[in-house]
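The values are calculated or read from the model by the stated rules, or taken from the named source; none is laboratory data. For clarity, every value in this text was computed on a predicted model and none was experimentally measured. All Cβ positions, glycine included, derive from the backbone under ideal geometry; neighbour counts span all protein chains shown. Side chains are part of the model used for accessible areas, which takes the heavy atoms of the whole protein and leaves out ligands, DNA and RNA. Shrake-Rupley method; radii C 1.70, N 1.55, O 1.52, S 1.80 Å.
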Amino acid sequence: TTPHHTTPHHTTPHHTTPHHTTPNIHSKSTYTIPIYHITLPPDFSKVDDTVIISENASVLDLMRGFNSWKLHRLHRMAVLDGSDNHKLVGVVTQSDVIAFAAKNMDLLPEQLRGTSVTQLGLVSKPVFVRIDEPFVEALQTLYDHRVSGIALLDNEGRISANFSASDLRGLSAESFKHFLGTTLSFMVKGTQASLGAPISLPDSAALEVTLKKFSETPVHRLYISDSAEHIHGVVSIGDIIPLLSQRFESATSTSSTEVKP
């Protein structure tokens with residue numbers, strides 16, 4: 001039987017925008033992490049204000065920033081140098097944090113590394129649509145659940161592909177013609193993204209395996225499926241970073257192990 005749409009296990013907090021007066025990157029925010037908040041008009045997203053972090057901040061500071069509920073859905077931060085000129089020197093993303101964790105796995109307890117992401121409570125209920133449903137249904141599902149990606153299932157309920165907000169990049173006038181067709185039609189003809197099988201892991205996948213898989217592939221979510229490719233869970237980078245923040249903070253305060261950049 002074809003599974004019904006399910007509501008994600010987690011609830012999305014309301015997005016709140018801190019009060020700002022005159023933008024001033026020299027004054028730190030009220031958070032206890034060394035990051036800056038400025039609002040630059042126009043704010044098209046209406047979700048988060050611009051967040052900037054100093055290059056002198058620690059990786060733990062960065063993790064705390066991504067982990068803050070007030071910065072929900074934050075995927076990247078601009079990085080300023082340590083001079084008074086506050087020169088932009090780069091951008092750091094959630095994926096960079098995961099890559100760092102994968103390189104420094106020895107800072108995490110062996111027992112934790114070997115525990116499955118399911119047992120750690122990092123797996124949420126998946127959000128999905130059938131791949132032969134109208135594409136507007138996929139868009140509506142993405143919006144209703146406030147997620148950046150959903151699974152696309154075939155008629156047997158097996159995972160066939162992943163549709164995310166990144167598939168909407170670079171749309172042309174021709175692309176919009178496929179908004180009236182099926183989700184499959186849009187994924188094949190309406191986007192520049194390639195239609196490939198999403199990456200999935202078994203229930204038993206350990207945290208170490210999951211971190212390595214994230215660091216090796218350009219994805220933000222991994223689906224948990226059985227041997228028949230029926231999905232029953234999803235784990236995202238954003239689900240893992242809070243755990244890493246807590247565990248690395250504990251490990252670095254007691255360990256003399258060299259940290260790999």
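When R146 is tested against (1) more than 26 Å from A102 (Cβ to Cβ); (2) among the basic types (K, R); (3) at pLDDT 90 or above, exactly one condition is not met: (3). Restricting G238, G190 to residues that are more than 20 Å from E133 (Cβ to Cβ), open to solvent by less than 70 Å² (accessible area, probe 1.4 Å), modelled with pLDDT under 90 and in contact with a helix residue (DSSP H, G or I) (Cβ under 7 Å, 6 or more places away or on another chain) narrows the list to G238. Counting only strands (runs of 3 or more DSSP E) wholly contained in the range 39-93, no element carries 2 or more residues that are among the acidic types (D, E), at pLDDT below 75 and open to solvent by less than 40 Å² (accessible area, probe 1.4 Å).
All of (1) open to solvent by 40 Å² or more (accessible area, probe 1.4 Å); (2) assigned to a helix (DSSP H, G or I) hold for F214 with one exception: (1).
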